[in-house]
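I have a structure I would like to understand better, so I am pasting it below and will then ask my questions one at a time.
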Amino acid sequence: MPEGNPTLQSQYAKQVDADLERNTREQEHIRSEAAALQAQLEELQKDHELLETLRATLGTPSVEKAKAAAKTATVPKARRTKTSTDTDKRPRPAKAKTEAKAKASKTAPPLRELVVAVLAGHQEPRSVAEVAQELAQAHPERTLSVTVVRNALEASVAKNQSERTKQQKSVYYSTIKKESPAEQPAAARSTVDA
């Protein structure tokens with residue numbers, strides 16, 4: 001083999017030597033950085049100890065303790081189920097009162113029917129507030145809001161039990177006047193004759 005031609009083995013040997021040299025330089029560089037970081041860490045730890053000593057001397061609570069106290073103050077406790085042995089000091093509603101409400105809700109007609117009955121009792125259209133006020137007076141055991149009454153009125157409109165009319169910006173409700181069977185053929189005849 002001629003001296004000018006490098007063999008495959010010598011090429012690999014040069015490559016390995018170059019890689020080893022680069023690896024060694026990188027290790028030295030990282031060791032020097034690690035030593036510098038370790039020195040910084042030790043310096044920070046000394047400063048921390050000094051600051052803790054100063055805080056203890058001044059008598060102020062630590063920031064971590066203050067944050068932990070704030071977190072525990074704002075986070076509500078987990079709920080747990082009550083057992084018969086729990087002694088709860090909150091006043092409880094009387095059983096008779098809750099039982100009366102339960103009976104009233106079982107025997108009372110649906111709100112939609114009550115709303116239609118209120119509308120049927122009047123010749124002129126009624127507003128939601130008027131219907132709600134009349135229902136509150138007639139049925140004080142029921143808790144009714146204007147929104148609930150409005151929803152019941154809208155349900156009665158959807159079921160063709162009442163109708164809705166708008167006058168300017170106000171909405172009024174009235175019952176649908178059902179024609180008697182004798183009036184229906186006459187109305188039908190008049191439309192056929194025309």
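Given labels modelled 7 Å from the Cα in the Cβ direction, how far is it in nm from Glu49 to Gln167?
8.8 nm
Between His122 and Arg80, what FRET efficiency follows from the Cβ-Cβ distance if R0 is 35 Å, with the result rounded to 0.05?
On the way: r = 52 Å, r/R0 = 1.49.
In this case the efficiency is close to 0.10.
Let me ask another. Just to be sure I understand the model, the point goes 7 Å from the Cα along the line to the Cβ. What's the resulting Ile176 to Leu20 distance in nm?
Distance between label points: 10.0 nm.
OK, next. Glu64 to Ala36: FRET efficiency via 1/(1 + (r/R0)^6), r the Cβ-Cβ distance, R0 30 Å, to the nearest 0.05? Kindly include the intermediate steps, with their values, before the conclusion.
On the way: r = 29 Å, r/R0 = 0.95.
That pair, Glu64 with Ala36, gives E of 0.55.
Applying a 10 Å radius around every beta-carbon, put 149-155, 25-31 in order of their mean neighbour count, most first. If you can, show how the numbers build up before the last one.
Values: 149-155: 20.1, 25-31: 10.0.
Per-residue Cβ counts within 10 Å, averaged per peptide and sorted highest first, yield 149-155, 25-31.
Just how much of His122 is accessible, in Å², when a 1.4 Å probe is used and the result is rounded to the nearest 10?
Accessible area of His122: about 40 Å².
The values are calculated or read from the model by the stated rules, or taken from the named source; none is laboratory data. Predicted, not measured: the structure shown is a model, and the values here were computed from it. Note: ideal-geometry Cβ built from the backbone for every residue, glycine included; neighbour counts use all protein chains shown. Quick note on the areas: whole protein, heavy atoms, side chains included, nothing else; ligands and nucleic acids left out. Shrake-Rupley method; radii C 1.70, N 1.55, O 1.52, S 1.80 Å.
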